[in-house]
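The values are calculated or read from the model by the stated rules, or taken from the named source; none is laboratory data. Owing to the predicted nature of the structure, the values given are computational and were not obtained by experimental measurement. Cβ sites come from the backbone with ideal geometry, for glycine too, and all protein chains shown count toward neighbours.
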Amino acid sequence: MQTTSVRKQPSLKAKTVSVPQVQTEEDFIVLDNSDDEALADAAESMERATPLRSPTPPPRDRKQNMRDVQSDDDYGGALLTATERHILNELQASAQCTEKRIVRSAYPASVLDRSPIFGATNATVLRVCFRIGEALNAGCLAVRNNKSVLLELYARVTESRREEKPGRHQHLVFHDLYHDKPPYLTGTFDLWGQSRLWELDSRVFLTPKKEGVICRAVARMRRDGMKWKLEVLSIWAASWEDVEHVAGI
């Protein structure tokens with residue numbers, strides 16, 4: 001007897017598939033009316049606090065792009081320290097006080113004995129000197145050659161004193177216009193008591209400043225033993241403007 005095998009078919013079971021549920025508006029949390037009002041007030045306050053700004057700023061002119069810089073501003077120490085600022089101020093002050101040194105040309109030749117100009121003579125010659133060395137050279141040369149030479153000297157008087165009566169000498173010490181290095185010149189002014197104007201002009205040098213007092217002196221060179229000294233005929237205080245004016249003539 002022949003048997004027939006029948007293959008058993010697997011039974012299909014129903015499977016449940018989860019389908020996402022669609023949420024409706026009722027599923028969302030609805031804020032209370034009080035919460036809505038609080039948020040609206042906060043947003044309005046933020047808008048008032050934020051300044052309104054144009055999306056396109058107005059063009060700036062040149063003055064707005066420039067900044068006023070103070071001379072004593074060190075930008076919080078970013079540029080110069082206090083020591084560097086002090087050194088810079090000293091350099092600027094010394095640069096302002098430094099005058100351009102005068103280098104004069106050679107003295108012009110004296111006029112002839114028989115000058116076509118009436119009254120002109122070479123009996124007395126005037127030499128304008130802006131340096132102590134120039135005055136020494138011109139004065140000593142005149143004494144050695146027995147020439148009558150007047151010196152118009154521009155220098156600084158650093159010391160001066162008058163003798164007590166019955167003395168009549170006012171002693172002066174002359175330094176160069178531009179430095180305190182030798183050579184120096186000494187001189188005496190004996191005519192200060194003969195005129196009120198001369199006394200006032202020469203009194204200025206009795207209390208000289210630390211750097212001295214610029215003077216214009218008309219004098220003759222004299223030999224005093226082994227030294228040279230000036231016999232001052234006239235002297236008064238001068239300024240740098242006077243020196244530059246005479247140097248330009």
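If you scan the stretch 79-99, which residues turn out to be at pLDDT 70 or above and outside any helix (DSSP H, G or I)?
Passing the criteria: only T81.
Checking K209 against (1) surrounded by 14 or more Cβ atoms within 10 Å (Cβ to Cβ); (2) more than 21 Å from E134 (Cα to Cα); (3) under 33 Å from the mean Cα position of the chain (by Cα), only one condition comes out false. Which one?
(1)
Conditions: (1) of a type in the set (V, I, T); (2) more than 39 Å from the chain's Cα centre (by Cα); (3) in a strand (DSSP E or B). V143 meets all but one. Number of the miss?
(3)
Inside the stretch 203-218, can you point out the residues that are in contact (Cβ under 8 Å) with a residue 12 or more places away in the chain and more than 17 Å from D242 (Cβ to Cβ)?
Step one: filter the stretch 203-218 for residues in contact (Cβ under 8 Å) with a residue 12 or more places away in the chain, giving 204-206, 208, 211-218.
L206, P208 - these are the residues of the stretch 203-218 that are in contact (Cβ under 8 Å) with a residue 12 or more places away in the chain and more than 17 Å from D242 (Cβ to Cβ).
Those residues that are surrounded by 15 or more Cβ atoms within 10 Å (Cβ to Cβ) and in a strand (DSSP E or B), I need them from the stretch 172-206; list them, please.
L172, V173, F174, H175, L185, G187, T188, F189, listed by residue number.
Under 8 Å by Cβ, and 6 or more places apart or on different chains, what pairs join a residue from the stretch 145-160 that is under 12 Å from M221 (Cα atoms) with one that is of a type in the set (S, T, Y)?
S148/T124; V149/T124; L150/T124
Which one is farthest from A238 (Cα to Cα) among residues in the stretch 146-185 that are β-branched (V, I, T) and under 35 Å from the mean Cα position of the chain (by Cα)?
Here is the first cut: in the stretch 146-185, the residues β-branched (V, I, T) are 149, 157-158, 173.
Of the ones still in play, those that are also under 35 Å from the mean Cα position of the chain (by Cα) are 157-158, 173.
Values: V157: 11, T158: 14, V173: 16 Å.
The selected residue is V173.
Just for the stretch 140-163: of the residues that are modelled with pLDDT under 90 and small (G, A, S), which one is surrounded by the fewest Cβ atoms within 10 Å (Cβ to Cβ)?
Taking the candidates together, the pick is S148.
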